[in-house]
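Enquirer: Below are the structure tokens for one structure; questions will follow.
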Amino acid sequence: MSYAYLFKYIIIGDTGVGKSCLLLQFTDKRFQPVHDLTIGVEFGARMITIDGKQIKLQIWDTAGQESFRSITRSYYRGAAGALLVYDITRRDTFNHLTTWLEDARQHSNSNMVIMLIGNKSDLEARRDVKKEEGEAFAREHGLIFMETSAKTAANVEEAFINTAKEIYQKIQDGVFDINNEANGIKIGPQHSPSPSLPSSSGGGAQGSGCC
Amino acid sequence: MDYFRKYLSTPQGTAGQPTGVETVERLVDRVQSSTLLDDRRDAVRALKAMSKKFRLEVGTQAMDVLVQTLETDRSDSEITGYALDALCNVLSNEPLDDDDESNMPANLPGDLGAQFTEIFTKKHENVSLLLSLLEEYDFHVRWPTVKLLTILLTNKGKDLQEAILVSPMGVSKLMDLLSDSREIIRNDALLLLTQLTKGNTNLQKIVAFENAFERLLDIVRDEGNSDGGIVVEDCLLLLTTLLKNNSSNQNFFRESSYIQRLTPYFDLDSQHTHSQAGWSAQKVTNLHLMLQLVRCLVSPNTPQQQVTACQRTMFQCGLLKQLCTILMASGVPADVLTETINTVAEVIRGNLQNQEYFASVMAPSNPPRPAIVVLLMSMVNEKQPFPLRCAVLYCFQSFLYKNEVGQSQIVTTLLPTSSDANQITAGQLLCGGLFSADSLSNWFAAVAMLHAIQDNGTQKEQLLRVQLATSIGSPPVSLLQQCCNILAQGGRFQTRVGLLQLLCAWMIDSPITVAHFLANTANVPYLITQVSASDSDENESIVQGLCAFLLGITVLYNDEQNETFNKSSLRQIIEKRIGLETFTEKLSQVPKNESYTKAAKKPHVSYKQSSEVTFDYEFTRIFKALEVDALDAVSTDAGRKENKAKLANLQQHELVVNQYKDIIQEQDQRLNDLQQQFLELQSKHSMSGEEIRQLKDQVQQLKDQNSLLKVQKGAQSNPAADARKDEEIRSLQDQLEKMRLDNANKDSAIEKLKTDVTVLEARVVNSSEEDKENIVPSESEILQNTISRLQSDLQELRTSAAEKDNEISRLSVQNNEAEGQIQSLKQRLESNAETQADPAQLAKLMEEKMTLQERVKKSNEENLKLLDKFNKMEEEKNSVVSEKEGVLEELDTLKKEQEDLLVLLADQDTKIANYKKLLKENNIPVEDDDDDEDDDLDDDLDDD
Ligand SMILES: Nc1nc2c(ncn2[C@@H]2O[C@H](COP(=O)(O)OP(=O)(O)OP(=O)(O)O)[C@@H](O)[C@H]2O)c(=O)[nH]1
Ligand SMILES: [Mg+2]
């Protein structure tokens, strides 16, 4: 499936905040109620459309556990976007944001777009961090902000797509050097002649669905 | 290091030759102490030269100094290269290619490389150092660095993988090597990356994240795909390492549309029209690896979801089509063809669209035949290579797996209605195979047929309709009965197990087949005879076990229509003629067999040799599912309970073992969890420690601030403030006092230097006079001694001059500080004066300040004078040096007159040993501790 751009994302944040669930909801439209601890890093992908252009998102979901930190750090450089996730029902995950941000800023390229996500917004009754606090933190550090629920899928699409929009805008503004792949951006294959297909299988629908 | 000591205590070399230990020691010393880069470079070069022959010595004594060289002399690529080469030699376990292996110490431990590697990697910063050296572009640095890292990975893979994982950007630096324009570096980098990622999922993922797939695929393409050289092979090996058993990477590979890029690999037509020289050994290897690359994306042990998605893509991008073209092409080497068949098998397995495509492929024969038919012809042809026949069976099974349409297509070709005498069909080939004289063909055909009816009741019934004309005149026999007849004739082992497995699969879930079977009254007695026979060998016990299983199935799926052989009568016969105990035991023999366990592992038909062929994968699944039911079925109601107990007993063992396995696994898991927790706690602990420390600091700061505030508050009109000022002044005075003392010391030191210089001068004069007179060899020794003394004196002079330098700068710093303090004091006094208005005190302070300033000024002057003196000293020193040079020149002339000595002194690189020996030849007695001085002398001579 051809695309105009390819963006690399990483998802970071404390363990158990719902990073893997966000990815699963985005790629497979499913929710996983049990905590399946991520070991190291897992990969996922999906196609989206922005401004009438097909954009492929390649997403690396990292382990939040402290012991994997040295592994996950290897993924910062080379990513164009990062979703920094905390859990609105656990203040400690919010308190750790500064550390995460420092780590990200230190190891990533300076143009990386960071989206701050307060996840589990469906658990309003157990809320421990006010939405305003998230907004304030984002404002203070120049991040985009959104509250999501990987369970109800509320704002999940938007979180991934708005990050892509921001990157796309940066490309339009000439901020990103798209020829340097270390920035986590790749231009799609220029309409090359399609390879010969056996029998009848045509190009197929190029919808937004994942593969 | 004690470990090595016993190897080091080799006896002294003959004729006073220095041992390796001594030479290495001296060289190490020189690298450490020499201030001249050229000198150090020579020494490191010498260490490199020795590092093969005296591997142990260099490794134990010089490793640190070599590493240190990498740090300090990094800007000089030559010395860095030597140090790296030396480390390579020391750490590598590769046998030397030198021919002077007879010189090698024979008693070295075999895993020396591993031991040294352990020592080297214990310091993680050593690995980081190597990684940072990769940034140097110079070939002499980058190449040996790559080699060294590869050696380390080969010796201690796990340790190094961990070290590289934690070093920031480590993998990035390694990946950057792939863009190096120098082929040799790029190629070695490929090997390095393969070693790096072997068995480490995390590193595999990081390397993939760093765009490894794209770069490797680019290289393969640019090198001409399968026509490329060993680089292509290495790229493919790395690709396979990154993808095998790593579903995250497989997903990434597919999502990035890289499968599409594999298609051209199998486009053999366009790749070489020069078909003659087409199949070099390299090309065969490359294609094998390309096929394996495809297989690791779709092999049955990868997650089903992943396999299905990859299979779909492989169809869409034409990869399957290309593979099928190779299948039908001529001139393809048999092993490539075999692997292609295996690959096609896995690309189509369980995927209806791909299976249908495969069924539609026609061979370009005359007349055109379906590819399936052509392949089956090879399977039942005993002249074909065994692995090829296995591959065909695997492919055929994969074609039929979860494919009812395909099953019906195959069975239909066996039925009388569709028989077309001129056309060879799959059915004909299978029947032919089933009853051929080749027992392996029997087995292949029987198992192939099993897959044509597996899980498909309709086809089982259809197969009952197949009638065979055996001999002219006699009535046709059903396929089922013919199988039984051959079985009863007691053919070869593989024939019988093949047929028995087919019969079992056929009758399962199919009472009508069982009824057909029981209709022939000879069949049950045959089975009874088999099961009740005493087992003679392993093979027979398998046959007996399978017969028992078949008996059980006839009871289990009995439709009770046959009066002689209904359920209860069969049970009675079994109990009477065989006995439940024997029956159970025979049945339980089957899964205990090694060939059963092996076949049960994976669908791939992977026998090493034809004699191993026994069980089919699908059959083992059937057996596992129905073993208990079959046993239950033959037990009489009374015996059922007892039987269950027995079975339980039999299975208990396995169960217990499994339980223990589970427990162990659980414990393993728990252990891991606990370790995880422990790590977390540890980090939390250290974090809390850090926090506590910070808090303590804060408390201290607050306390300080508090007391400062208190003081300030009190200072408004408080004698305490004055006291503090007094104190400050006193300390300043103390400092001044100390400076003065320092100055005095310096003076005396300078004085001493001066006298030293004078003495030196005198000596120089003396020695030059002596030199002129002495032309006899024995007296040249005296000359040498004098000169070396002179030199050491000079050295002393240099160091004390340097010390002076230091002292002077320290003094001036102190001076500055003092000035600063005075300045701030002044300011404070002024500000205090406003609020405090204590003129007397102020005046006194001012006065003191003045005196202090005065003193400082004086000390400054003194310093200047000192500097002056120092400069003079420098001059004197220089003149001494030049005088020395004069002396040395004279010595040179002297040397020219004395040939032996000339050779001795002129060659700086000649070993000191030689030097000593030569001197001895000249009857000059030499003491060992003079060596270093001799060395220095040589250096200086060459410097001139
Ligand atoms: N109610 C609710 N639960 C959620 C939501 N997102 C995640 N969870 C739950 O939170 C737990 C952790 O989710 P994961 O996505 O596995 O957490 P993670 O951030 O990937 O954790 P690590 O892999 O250890 O870094 C799971 O039990 C999820 O079911 C959400 O939006 N709402
Ligand atoms: Mg996770």
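The values are calculated or read from the model by the stated rules, or taken from the named source; none is laboratory data. No experiment lies behind these values; they were computed from the predicted model shown. With ideal geometry, Cβ positions are generated from the backbone for all residues, glycine too; neighbour counts draw on all protein chains shown. Note: areas computed on protein heavy atoms with side chains; ligands, DNA, RNA excluded. Shrake-Rupley method; radii C 1.70, N 1.55, O 1.52, S 1.80 Å.
Enquirer: List the residues whose amide H sits under 5 Å from the amide H of A:ILE10, counting only those 5 or more places along or on another chain, with H placed 1.01 Å from N in the peptide plane.
Expert: So A:ILE10 has HN proximity to A:TRP60, A:GLY81, A:ALA82, A:LEU83.
Enquirer: For B:LYS460, B:LYS661, what's the largest-to-smallest order of accessible area, 1.4 Å probe?
Expert: Largest accessible area first, the list is B:LYS661, B:LYS460.
Enquirer: Alpha carbon centre of region B:206-240 versus region A:2-61: separation in Å?
Expert: So the separation of the two Cα centres works out to 27 Å.
Enquirer: As I understand it, the value is the acute angle between the Cα axis of helix A:156-172 and the longest principal axis of the Cα atoms of chain A; what does it come to in degrees, rounded to 10?
Expert: Helix A:156-172 sits at roughly 60 degrees to that axis.
Enquirer: Counting only Cα, what are the radius of gyration and maximum Cα-Cα distance Dmax of region B:359-419, in Å?
Expert: For region B:359-419, the Cα radius of gyration and maximum Cα-Cα distance read 12.4, 35 Å.
Enquirer: Ordered by residue, what ³J(HN,Hα) values in Hz, to whole numbers, does region B:472-481 give under the Karplus form 6.51 cos²θ - 1.76 cosθ + 1.60, where θ = phi - 60° and Gly and Pro are x?
Expert: 4, x, 7, x, x, 10, 6, 4, 4, 5
Enquirer: Averaged across the residues of B:248-261, what count of C-beta atoms belonging to other chains lies within 10 Å of each residue's C-beta?
Expert: 4
Enquirer: A further question follows. Write out the GluC sites (Glu not before Pro) in region B:543-605 meeting two conditions: DSSP loop, and at most 15 other Cβ atoms within 10 Å of their Cβ.
Expert: Answer in residue order: B:GLU560, B:GLU563.
Enquirer: Please give the per residue accessible area of region B:522-632, computed with a probe of 1.4 Å over protein heavy atoms only, in Å².
Expert: On the way: 5000 Å² over 111 residues.
Result: 45 Å² per residue.
Enquirer: Over region A:68-166, what is the relative contact order in whole percent, taking alpha-carbon pairs under 8 Å and six or more residues apart? Can you show the working numbers first?
Expert: On the way: 135 pairs, mean separation 28.6, N = 99.
For region A:68-166, the relative contact order is 29 percent.
Enquirer: Going by accessible area, probe 1.4 Å, with all protein chains left in place, what is the ranking of B:SER879, B:SER51, largest first?
Expert: Numbers: B:SER879 50, B:SER51 0 Å².
The most accessible residue leads, giving B:SER879, B:SER51.
Enquirer: Turning to a different aspect of this structure: So which residues in region A:51-79 end up with at least 30 square angstrom less accessible surface once the other protein chains are there, compared with the chain by itself, probe 1.4 angstrom?
Expert: Buried by 30 Å² or more upon assembly, which counts only protein chains, are A:LYS56, A:GLN58, A:TRP60, A:GLN65, A:GLU66, A:SER67, A:SER70, A:ILE71, A:SER74, A:TYR75, A:ARG77.
Enquirer: Now for a different question. When the accessible area of region B:421-501 is split by element with a 1.4 Å probe, what percent falls to carbon and sulfur?
Expert: Ligands and nucleic acids excluded, carbon and sulfur reach 52 percent.
Enquirer: Separate question: Taking H as built 1.01 Å from N, whose amide H comes closer than 5 Å to the amide H of A:LEU116, not counting residues under 5 places away?
Expert: So A:LEU116 has HN proximity to A:LEU84, A:ILE144, A:PHE145, A:MET146.
Enquirer: Also: Quick one: compute the contact order of region A:5-187, relative version, from alpha carbon pairs under 8 angstrom and 6+ residues apart, as a percent.
Expert: Values: 359 pairs, mean separation 49.6, N = 183.
It rounds to 27 percent for region A:5-187.
Enquirer: Another question about this same structure. Between chains B and A, what is the buried accessible area summed over both chains (1.4 Å probe, protein heavy atoms, nearest 100 Å²)?
Expert: 2700 Å²
Enquirer: Count, for each residue of A:31-43, the Cβ atoms from other chains sitting within 10 Å of its Cβ, then give me the mean as a whole number. Before the final figure, lay out the partial values.
Expert: Numbers: counts 0, 0, 0, 0, 0, 0, 2, 0, 2, 7, 6, 5, 13.
Rounded to a whole number, the mean comes out at 3.
Enquirer: So, in Å, what gap is there between the alpha-carbon centers of region B:464-488 and region B:27-77?
Expert: Each part's Cα centre sits 86 Å from the other's.
Enquirer: Something else: Which order do peptides B:678-691, B:255-268 fall in by mean Cβ count within 10 Å, highest first?
Expert: B:255-268, B:678-691
Enquirer: Next question, about the same structure. Placing unit charges on C-beta atoms (Lys and Arg positive, Asp and Glu negative, everything else neutral), compute the dipole magnitude of region A:5-187 about its Cα centre in debye, rounded to 20.
Expert: Computed about the Cα centre, the dipole is about 320 debye.
Enquirer: Here's a follow-up. Looking only at region A:5-187, where both bridge partners belong to it, what percent of the DSSP beta bridges are antiparallel (to the nearest 5)?
Expert: 35 percent
Enquirer: In region B:673-699, what residues drop by 50 Å² or more of accessible area when the other protein chains are put back, versus the chain on its own? Use 1.4 Å, and skip ligands and nucleic acids.
Expert: B:GLN676
Enquirer: OK, next. Round to a whole number: what % of the accessible area of chain A belongs to carbon and sulfur, probe 1.4 Å?
Expert: The computed percentage sits at 49.
Enquirer: Under a 1.4 Å probe, what is the accessible area of chain A per residue, stated in Å²?
Expert: Details: 9290 Å² over 211 residues.
The answer is 44 Å² per residue.
Enquirer: Among the lysines in region A:5-187, how many pairs, 8 or more places apart or on different chains, have alpha carbons under 19 Å apart?
Expert: Eligible lysine pairs with Cα atoms under 19 Å apart amount to 25.
Enquirer: To continue, here is another question. Run through region A:1-94 and list the trypsin sites (Lys or Arg not before Pro) located in a DSSP loop whose Cβ has at most 15 other Cβ atoms within 10 Å.
Expert: Passing sites in region A:1-94 are A:LYS29, A:ARG30.
Enquirer: Taking every pair of alpha-carbon atoms in region A:5-187, what share in percent sits in each 10 Å bin, from 0 to the bin with the longest distance?
Expert: Histogramming region A:5-187 at 10 Å steps yields 10, 41, 38, 10, 0 percent.
Enquirer: Rank by packing, highest mean first: peptides B:539-549, B:512-522, with packing defined as the count of other Cβ atoms within 10 Å averaged across residues.
Expert: Order by mean packing, descending: B:539-549, B:512-522.
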